[in-house]
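FYI, it's all coordinate maths here, none of it is from the lab. The structure displayed is predicted, hence computed values, not measured ones. Don't worry about glycine lacking a Cβ; one is built from the backbone with ideal geometry, like all the others, and counts go over all protein chains shown.
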Amino acid sequence: MKDILTAPFLKEVCKILDNMYRMGWDERNGGNLSYILKEEEVAEYLDLNQVIRVIPTIFDASALAGKIFIVTGTGKYFRNVMDAPATNLGIVRVGKDGKNLDLLWGYDDGGRPTSELPAHFRTHISRLENDPEHRVVIHTHATNVIAMTFVHSLEERAFTRTLWQMCTECMVVFPDGVGVLPWMLCGNDEIGIATAEKMKEFRLVVWAQHGIFGTGRDIDEAFGLIETVEKAAEIYIKVMHMPILQSITDEELKILADAFGVTPRAGYLNV
Ligand code: 2HA
Ligand code: ZN
């Protein structure tokens, strides 16, 4: 059996969490990540019959039964993951009845998965219905996205249109737009249900005054979506105090979408 600390998926997770910490988005224990691993890739490093302990889930995850995830631990700091992956991360398999997780590796100090597990798991269920190749959910406290939710309408069309106008890349990266939830209590199943409802139509969901969820087939896609939204939000925060002399028009957004072969969310452009 190979050493799990050499597994590409583990190294990739450590690297992206460290990177997000250095972006300044994941203060203290802010943020969490979950990533569906392929059974055959995990089997190179772990005996899949060796269950360290069983962790109960707070909702019925039977739609994910048998799936294996690497998940950040509750209360853990992204800053510490690189130096101590086995304490700060865990690899879990969803049990057949969807009510328990088999811990296969990690959470070495007796830890558990992130408090936002309901939002992550429910999001995985929504995204898998859209795309069987979906694998990654990242939640982070992207600074300018949070700032924008104080000063901009939270209406999804308006929020998305402003982001699209902030830099040319946005339409190409997230033509499907951004879902937005109002402030809600986090860490429970209600916000998980609300997030997953949005995730039926969006790959990105903003939690007002809290942060953002991004999803994708791999870490690059999920992170790439988030950093593009964050960049646009940063530009918005920089320019919103000043008289705008020119922007990207709806006609130009349409030209851009056509040139890159993407379809803007229906009804979001006034052309
Ligand atoms: O646990 O980001 O939303 C850290 C969080 C909660
Ligand atoms: Zn959070």
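Residues are listed down the side, and each one gets a yes or a no for (1) out of contact with any Asp or Glu (no Cβ under 8 Å at 6 or more places or on another chain); (2) of a type outside the set (Phe, Trp, Tyr); (3) surrounded by fewer than 20 Cβ atoms within 10 Å (Cβ to Cβ); (4) closer than 21 Å to GLY31 by Cβ:
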| residue | (1), (2), (3), (4) |
| --- | --- |
| GLY98 | no, yes, yes, no |
| ARG127 | yes, yes, no, yes |
| ASN144 | no, yes, yes, yes |
| ALA147 | yes, yes, yes, yes |
| GLU156 | yes, yes, no, no |
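With respect to being in a strand (DSSP E or B), touching a residue at least 60 places away in the same chain (Cβ under 8 Å) and on the phi < 0 side of the Ramachandran plot, GLY214 fits the description.
Among the numbered conditions (1) more than 24 Å from LEU37 (Cα to Cα); (2) touching a Gly at 6+ places or on another chain (Cβ under 8 Å), the only one that GLU169 does not meet is (2).
Please verify whether segment 150-166 includes one or more residues that are within 16 Å of ligand 2 (Cβ to nearest atom), β-branched (Val, Ile, Thr) and under 30 Å from TYR236 (Cα atoms). No, because not a single residue in segment 150-166 is within 16 Å of ligand 2 (Cβ to nearest atom), β-branched (Val, Ile, Thr) and under 30 Å from TYR236 (Cα atoms).
Just one of the numbered conditions (1) of a type outside the set (Ser, Thr, Tyr); (2) more than 28 Å from ASP258 (Cβ to Cβ); (3) in contact with a helix residue (DSSP H, G or I) (Cβ under 8 Å, 6 or more places away or on another chain); (4) in contact (Cβ under 8 Å) with a residue 24 or more places away in the chain is not true of GLY179: (2).
Of all residues in segment 17-53 being assigned to a helix (DSSP H, G or I) and away from ligand 2 (no atom under 16 Å from the Cβ), which is nearest to ASP83 (Cα to Cα)? Full working, then the answer.
Restricting attention to segment 17-53, the residues satisfying the condition of being assigned to a helix (DSSP H, G or I) are 17-22, 39-43.
Then keep just the ones that are away from ligand 2 (no atom under 16 Å from the Cβ); that gives 18-19, 22, 39-43.
Details: ASP18: 10, ASN19: 14, ARG22: 15, GLU39: 25, GLU40: 26, GLU41: 23, VAL42: 21, ALA43: 24 Å.
Per the criteria, the residue is ASP18.
Residues that are more than 15 Å from THR160 (Cα to Cα), acidic (Asp, Glu) and surrounded by 13 or more Cβ atoms within 10 Å (Cβ to Cβ) within segment 234-271 comprise just one, GLU252.
Only helices (runs of 4 or more DSSP H) wholly contained in segment 106-168 count here; list those with 3 or more residues that are more than 16 Å from ligand 1 (Cβ to nearest atom) and without any contact (Cβ under 8 Å) to a residue 60 or more places away in the chain.
Numbers: elements: 117-130, 143-151, 156-166.
So the answer is 156-166.
Would you tally the residues in segment 197-211 being part of a helix (DSSP H, G or I) and within 15 Å of ligand 1 (Cβ to nearest atom)? It would help to see each step written out before you state the result.
Within segment 197-211, the subset part of a helix (DSSP H, G or I) is 197-199.
Those left that are additionally within 15 Å of ligand 1 (Cβ to nearest atom): none.
Result for segment 197-211: 0.
Taking segment 184-207, which residues are within 12 Å of ligand 2 (Cβ to nearest atom) and surrounded by fewer than 23 Cβ atoms within 10 Å (Cβ to Cβ)? The answer is MET184, LEU185, CYS186, GLY187, ILE191. Candidates in segment 217-248 are the residues that are closer than 21 Å to GLU155 by Cα and in a loop (DSSP other than H, G, I, E, B); of these, the one that is nearest to ligand 1 (Cβ to nearest atom) is MET240. Working only within segment 59-87, note down all residues that are within 15 Å of ligand 1 (Cβ to nearest atom) and either surrounded by fewer than 17 Cβ atoms within 10 Å (Cβ to Cβ) or free of Cβ contacts under 8 Å to residues at least 24 places away in the same chain (or both). Matches in segment 59-87: GLY75, ASN80.
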